[in-house]
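Below is one structure, written out as structure tokens; comments come after it.
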Amino acid sequence: MLSVSDLSIARAGLPVLQGLSFSVKDAEALILRGPNGIGKTTLLRTIAGLQPPLEGRIEGAEERVAYAAHADGIKPTLSVTENLTFWARIFGAGGIDGALAAYDLRPLAGRAAGSLSAGQKRRLGLARMLVTGRPIWAMDEPTVSLDKTAVAMFAEAVRAHLGRGGSALIATHIDLGIDAQVLDLSPFKAAPGSMDAFEGAFA
Amino acid sequence: MSLWEYANPKKFLATSERVLPFFWVSAGLCLVVGLVWGFFFTPDDFRQGSTVKIIYLHVPSAMMAINAWVMMLLASLIWLIRRHHVSALAARAAAPVGVVMTLIALVTGAIWGQPMWGTWWAWDPRLTSFLILFLFYLGYVALWEAIENPDTAADLTSVLCLVGSVFAVLSRYAVNFWNQGLHQGATLSLDKEENISDVFYFPLLVCIAGFVLLFIALVLYRTGTEIRARRIKALRLRERAAA
Amino acid sequence: MTALLMRDLALAIRAGGGFGLGLAFFLIVTVLVPFGVGPDPALLSRIAPGILWVGALLACLLSLDRLLALDWEDGSLDLLATAPLPLEGMLSVKALSHWIVTGLPLVLAAPVLGVLLNLPGPGYLWLTVSLALGTPALSVIGTFGAALTVGLKRGGLLLSLLVLPLYVPTLIFGAEVARRGAEGLDVATPLLMLAGISAGVIALLPFASAAVLRVNLR
């Protein structure tokens, strides 16, 4: 269970979202929607613990979130297996066989990651979520550069993850065909001109 | 009424504007009186001749070069612990003043060293330490300039100032160990035999007071400028967000 | 942690990893010095310890801007920061791998280059010892600089400006050990100071590095 209450967050010192509250129970997924620049990435980074919120509280996220960003953290000179094994060992969560199978990476296992196509790299990046063993997936536009089959693989992997009692926060524009709540972030856009205490002291 | 009230930028600006004229005037008075007294109304030293008079610029600027860094260190600590923006901006404002003080100390040292030691530059421990301090200042200022987000810049420069202080002290000891110097010992401590005589001492004190007051005035003034710059930036951001 | 170390070493050794670049730089600097100051053996043997120390220091500096920048660009740094590994430990491992890739080869190569500069007999031992003690400190201090400048465009030059003043104490005591060793003097005091600086830096500086990296990631 992840719960967020009365959260305000800022990007580059400028507030983007405020007064945001929601919760995601185990075995549930939440789809985040909203126009570009609304703060989806900032929200996911805040939940992953990479940046502190301006205000509000996040509960149940500590050491439980696996974060997937636009950049996959893939080293081109390492093979697919080596990339995955590295992250599995860092998170101390066991084998990579399930992850390789889920995204059909077995035929590519020995190839250097630098020789993969954009979509194949993305699949490798998503497979990384499986080897973290973390219950909450926070994913930022996970389907970029994936074809239809790969999107289906991804949806299947998320469904399986939910089936194991995990949960997921996904910022995406497309319909994944997953049974999930949808949260539109537009109403929580920070009021124009809201400032932090220092700049506010001039107003 | 607590000191922390001045962490509010409005309050800080209002108060600093009220006290600034006093600091400007008294700094100017002390410097004029001290320097004129020192340059024209003290006897020549029996060994060093009239060259000794550069002491009235050299010693105060050298003291302020170090004091400015100490002030930046304190301001950085206040920012890291209590997150008062004015404190971070004061540290930022003090750095270029410290750079100039260090430069004055180095240049007057060279000018004084030429007739006394027969060389413009010697790798004397104190001169070398000031050169290293100068490099620390440059790095600190460059880091402030390089980072766009003001809070990030304040955090990073504060940590750099802390770490830099430790290494500056280490360097001081290392340099002492590396080369025993030409410099005379403490000039101003109260119990030393080699203390300079009262004739030179009193105008020097006035000059030091002048440099301290000038430093305070400059830092207050520059902090005000930094606050106004932040304000303009904030207002611009607000305009853009509203548009 | 072992996983991270093994990965960094593997990355360094594979194509484009830059393994050996620092060593080649060290070699070139050492070879250039006699061209600059002349071939007089007495002069060269007098300045050899200092030249070798400065050369090793510059070679260490050379690879620092890649230390965290590559992981920053491909997003690994974000992912590592969310991993169960403490950031302090992560940065210590990064410094260790930098030392193994850059510092250790310098330590091993320095005596060979000492021959080129006519280093006196007893100097070889103390040069190697001082570099072995000092280069880990250079790597850890460099990691701090890399963490400070990781998000910046054109961070490389700034990194040098920030790190070089921090290298002063290590350089002074390290070169002093090598110099005294070469002249057959007692090396105990500078050796202890050098060891003290290295120990202090390795124990404490990763906390500062982690603090600034956290700021840079947010």
In Å and whole numbers, how far do the C-alpha atoms of chain B stretch along each principal axis, longest first? 72, 40, 31
On Cα atoms only, tilt of C:104-116 relative to the major axis of chain C in degrees: 20
What number, rounded to the nearest 500 deg cm²/dmol, is the helix-based mean residue ellipticity at 222 nm of chain C, given -39500 (n - 2.57) per DSSP H run of at least four residues and division by all its residues? -27000 deg cm²/dmol
Cα-only radius of gyration and Dmax that characterise region A:57-154, units Å: 13.1, 44
Which of the chymotrypsin sites (Phe, Trp or Tyr not before Pro) found in region B:96-168 are in a DSSP loop and have at most 16 neighbouring Cβ atoms, other than their own, within 10 Å? B:120, B:121, B:123
Estimated FRET transfer efficiency (residue C:66, residue B:22; beta-carbon r; R0 45 Å; 0.05): 0.25
Please give the charge dipole size of region A:2-200, origin at the Cα centre, charges +1 on K and R Cβ atoms and -1 on D and E Cβ atoms. Round to the nearest 20 debye. 580
Cβ-derived FRET efficiency at R0 45 Å, residue B:44 paired with residue C:207, nearest 0.05: 0.25
Just want to confirm a number: the relative contact order over region A:2-200, from Cα pairs under 8 angstrom separated by 6+ residues, in percent. 31
Which parts of region A:48-62 would a label at residue A:6 reach, counting a residue when its backbone N lies under 11 Å from a point 7 Å out along Cα-to-Cβ? A:55-57
Any chance you could list the semi-axes, whole Å, largest first, of the equivalent ellipsoid that the Cα gyration tensor gives for region B:35-103, using √(5λ)? 37, 9, 8
About its Cα centre, what dipole magnitude does chain C give when the only charges are +1 on Lys and Arg Cβ and -1 on Asp and Glu Cβ, stated in debye to the nearest 20? 200
Descending semi-axes in Å of chain C, equivalent ellipsoid built from Cα gyration tensor: 32, 18, 14
How large are Rg and Dmax for region A:2-200 when only the alpha carbon atoms are used, in Å? 17.4, 57
Links that overshoot a 21 Å alpha carbon limit, given the list A:189/B:11; A:189/B:10; A:75/A:121; A:75/C:94; B:10/B:233; A:189/C:153: A:189/B:11; A:189/B:10; A:189/C:153
Once you have a ≥ b ≥ c as the square roots of the Cα gyration tensor eigenvalues for region B:1-144, tell me rounded if a/c is under 1.5, and otherwise prolate or oblate according to whether a/b is larger than b/c. oblate
Tell me what chain A gives for mean residue ellipticity at 222 nm when only DSSP H runs of n ≥ 4 count, each as -39,500 (n - 2.57), the sum divided by the residue total, rounded to 500 deg cm²/dmol. -9000 deg cm²/dmol
What helix-only [θ] at 222 nm does chain B give? Using -39500 (n - 2.57) per DSSP H run of at least 4, over all residues, to the nearest 500, the answer is -28000 deg cm²/dmol
For peptide C:168-175, the mean count of other chain Cβ atoms within 10 Å per residue Cβ is 6
Using only Cα atoms and rounding to the nearest 10 degrees, what angle (0 to 90) does helix C:2-13 make with the longest principal axis of chain C? 60
Take every residue in peptide B:168-177, count the Cβ atoms of other chains within 10 Å of its Cβ, and give the average of those counts. 5
Distance in nm between label sites at residue B:36 and residue B:116, each 7 Å beyond Cα in the beta-carbon direction? 2.7
By DSSP, what percent of the beta bridges with both residues in region A:2-200 are antiparallel, rounded to the nearest 5? 45
Under the 7 Å Cα-to-Cβ spin-label approximation, residue C:42 and residue A:118 lie apart by a distance in nanometres of 6.9
Footprinting exposure proxy for B:53, B:11 (fewest neighbouring C-beta atoms within 10 Å first): B:11, B:53
To the nearest 20 debye, what charge dipole does the protein assembly as shown have about its Cα centre, counting +1 at the Cβ of each Lys and Arg and -1 at the Cβ of each Asp and Glu? 940
Sort A:156, A:59 so the one with the fewest other Cβ atoms within 10 Å of its own Cβ comes first. A:59, A:156
Which angle from 0 to 90°, rounded to the nearest 10, does the C-alpha axis of helix C:87-98 make with the longest principal axis of chain C? 40
Restricting region B:39-98 to chymotrypsin sites (Phe, Trp or Tyr not before Pro) in coil, as DSSP defines it, with at most 10 other Cβ within 10 Å: B:41, B:46
Extension gain residue B:14-residue B:107, at 0.36 nm per residue separation less the Cα-Cα distance, in nm? 29.8 nm
In whole µm²/s, the translational diffusion coefficient that Stokes-Einstein assigns to the protein assembly as shown, given a Kirkwood hydrodynamic radius over C-alpha pairs, 25 °C and 0.890 mPa s, equals 86
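Every number in this text was worked out from the coordinates using simple rules, so none of it is lab data. These numbers were taken from a predicted model, which means no experiment stands behind them. Because the Cβ atoms are built from the backbone with ideal geometry, glycine has one as well, and the counts that use them run over all protein chains shown.
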